[in-house]
Amino acid sequence: MSPVLPRKPYPSDVSDEEWSLVVPYLTLMTEAAPQREHSLRELFNALRYVIRYGIAWRAMPNDFPPWSAVYQQSQRWLASGCFEALAQDLRALLRLASGRAEEPTAAIIDSRTLRSTPESGTRAGYDGAKRKRGSKVHMAVDTLGHLLALHVTPADVGDRAAVARLAADIQDATGDNVTLAYVDQGYTGEVAADAAAAEGIALHVVKLPEAKRGFVLLPRRWVVERSFAWATRCRRLVKDYERYATTLAGFHVIAFVGYMLKHAAQMV
């Protein structure tokens, strides 16, 4: 492994405290492995830079490892599921630190549509409600806004149709602990309710006030909207720039891991 060259740090770099928490999950091979040519920490910093600032892989700053090495290592991490495991453990840690139970009993479900780009256009769908062509990110968070489950579909897949898989992922992440999920009016109807009920989850639809005037902060629903707002701070996640839906989903998980890491590191 080549030595880490001194460089001026970027705001997206992982701190020492954050690195101490994340390195056990990212070490897929020993530091002495012959194929390890670059610092694992610098590869992770470069991946975070790509997601945070939205650059193309080939536009990697020259003081990072080569873009091809960062890309290949990123694909290994995504394929291993290490970020999903890290997200689950960080969520449990932060919940315990806030005085909550390790696993939640309630979730909040929503989706957002990302406009497609030339890279993702072949798998895009048209969302008639949002009037845009692209991909839809379906997400569930706990009542603190921490990620529970996430998957990506073409934008023409309705919210109701995505409930079955999302509910199954929620229960898989929490050990069948969730019994209630808050949703908006896009999830009304027997199809969504039955799909959630099959996984032991009751859907509670939070409706807009009849006399709505201007912006209204909906109970519980604002939490998942805030989580989506966190993700939009990462420029790579503002549109669907990825060739594969699995990469887009994985980058969202990494973004949420970054926010949880920041809070967890303050407790170290």
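The values are calculated or read from the model by the stated rules, or taken from the named source; none is laboratory data. Not measured: the values here are computed from a predicted model. As a convention, Cβ positions derive from the backbone with ideal geometry for all residues, glycine included, and neighbour counts pool all protein chains shown. Accessible surface areas use protein heavy atoms only, side chains included; no ligands, DNA or RNA. Shrake-Rupley method; radii C 1.70, N 1.55, O 1.52, S 1.80 Å.
Using the Cα gyration tensor of the stretch 33-181, with a ≥ b ≥ c the square roots of its eigenvalues, what is the shape: rounded (a/c below 1.5), prolate (a/b larger than b/c) or oblate (neither)? It comes out oblate by the Cα gyration axes. Proximity of backbone amide H atoms, modeled 1.01 Å from N, is registered between A107 and L180, A181, Y182 at under 5 Å, excluding neighbours fewer than 5 places apart on the same chain. Look at where the Cα atoms of the stretch 173-201 and of the stretch 87-149 average out, and the two centres are 15 Å apart. For the stretch 123-268, just say rounded, prolate or oblate: build the C-alpha gyration tensor, square-root its eigenvalues into a ≥ b ≥ c, call rounded for a/c under 1.5, and beyond that prolate if a/b exceeds b/c, oblate if not. Verdict is rounded for the stretch 123-268.
Shown in residue order for the stretch 64-70 are the 3J(HN,Hα) couplings computed by the Karplus curve 6.51 cos²θ - 1.76 cosθ + 1.60 at θ = phi - 60°: 9, x, x, 4, 5, 5, 5 Hz (x for Gly and Pro).
Take the residue pairs K8/K262; K130/K262; K130/K207 and return only those whose Cα atoms are more than 23 Å apart.
Beyond 23 Å: K130/K262.
For every other residue with a beta carbon closer than 11 angstrom to the beta carbon of R52, add +1 if it is Lys or Arg and -1 if Asp or Glu, then tell me the sum. Computed value for this residue: +3.
Relative contact order, percent, of the chain when contacts are C-alpha pairs under 8 Å separated by at least 6 residues?
Details: 426 pairs, mean separation 57.5, N = 268.
This gives 21 percent for the chain.
Shown in residue order for the stretch 233-239 are the 3J(HN,Hα) couplings computed by the Karplus curve 6.51 cos²θ - 1.76 cosθ + 1.60 at θ = phi - 60°: 5, 8, 5, 5, 9, 6, 10 Hz (x for Gly and Pro). With respect to the chain, whose longest principal axis is taken over its alpha-carbon atoms, helix 221-232 is tilted by about 30°. The listed residues R112, R160 rank as R160, R112 when sorted by accessible area, largest first, using a 1.4 Å probe.
Largest to smallest in accessible area, the residues E119, E190 fall in the order E190, E119 (1.4 Å probe, all protein chains included). The GNM of the chain, with springs linking C-alpha atoms under 10 angstrom apart, assigns the highest mean-square fluctuation among T113, T122, T179 to T122. Shown in residue order for the stretch 49-54 are the 3J(HN,Hα) couplings computed by the Karplus curve 6.51 cos²θ - 1.76 cosθ + 1.60 at θ = phi - 60°: 4, 4, 6, 5, 10, x Hz (x for Gly and Pro). Of all DSSP-defined beta bridges confined to the chain, some 70% are antiparallel rather than parallel. Taking the C-alpha atoms only, the angle from helix 82-97 to the longest principal axis of the chain is near 70 degrees. A cut-off of 5 Å between modelled amide H atoms, ignoring neighbours fewer than 5 places along the same chain, links L148 with A140, V141, D142.
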